[in-house]
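Visitor: To start, I am sharing the structure in question, which I have written as structure tokens.
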Amino acid sequence: MSDSSALIESLLRTVANDEPAMARAIESLDAQGRRELEGVIARFDVRDREELSRKEQVTATGMLKRIRKIETPTLELYNKVLDYLDLNASSKLEPAELELAVEVLDAFTGIASDNEVYSEYELELLLAVLRNLDASNTGRLERDERARLRVRLEEPRVFWKDEQYSNPLVREILER
Ligand SMILES: [Ca+2]
């Protein structure tokens, strides 16, 4: 994991000035949290160079800003969500996958709050949506599952409303 730690160090250098709160949150992660963070940001090192280009840094930072708290449990859930959207199982989010990820994250942001960041609870709900879409149970969305998702994303509010009634995994979380 030392190689991906280099990814964290390079991200830290970038955010130290621009995003001090994010830098502090990253610095206070324990070993498990760092592993989860590496798992998130390594997806943006698309060419596998073990460092992020300026553009990839911006993408990674932008994706990290979508979670309310950079903590081990949220990073763990975020990795699981992003795994479903790594459609070719490359461990990287190539541009088309990133586009879908952004679309999905935009559609479900604020499902249990009126802000634009994901809490741990909201990530759990989003994961339940993706798990339920993964009818073939492969851990990522296949072409037909993706097609269904695309159609549903056209009306995200209706999508979420339906999920609350029809998705047993979502219901289970809401009824806790
Ligand atoms: Ca991929």
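The values are calculated or read from the model by the stated rules, or taken from the named source; none is laboratory data. Computed from a predicted structure; not experimentally measured. Neighbour counts are summed over all protein chains in view; Cβ atoms, including those assigned to glycine, are modelled from backbone coordinates with ideal geometry.
Visitor: May I ask you to list the residues in segment 43-68 that are within 12 Å of the ligand (Cβ to nearest atom) and loosely packed, with under 14 Cβ neighbours inside 10 Å?
Guide: D48
Visitor: Any residue at all in segment 113-124 that's at pLDDT below 95 and more than 27 Å from E56 (Cα to Cα)?
Guide: yes
Visitor: Those residues that are under 20 Å from the mean Cα position of the chain (by Cα) and more than 18 Å from L82 (Cα to Cα), I need them from segment 141-153; list them, please.
Guide: R152
Visitor: Continuing with the same structure: If E124 passes every condition in (1) farther than 23 Å from L52 by Cβ; (2) touching a Ser or Thr at 6+ places or on another chain (Cβ under 9 Å) but one, which one does it miss?
Guide: For E124, the exception is condition (2).
Visitor: Residues of segment 36-53 being touching a residue at least 40 places away in the same chain (Cβ under 8 Å) and part of a helix (DSSP H, G or I), which ones?
Guide: E36, G39, V40, A42, R43, F44
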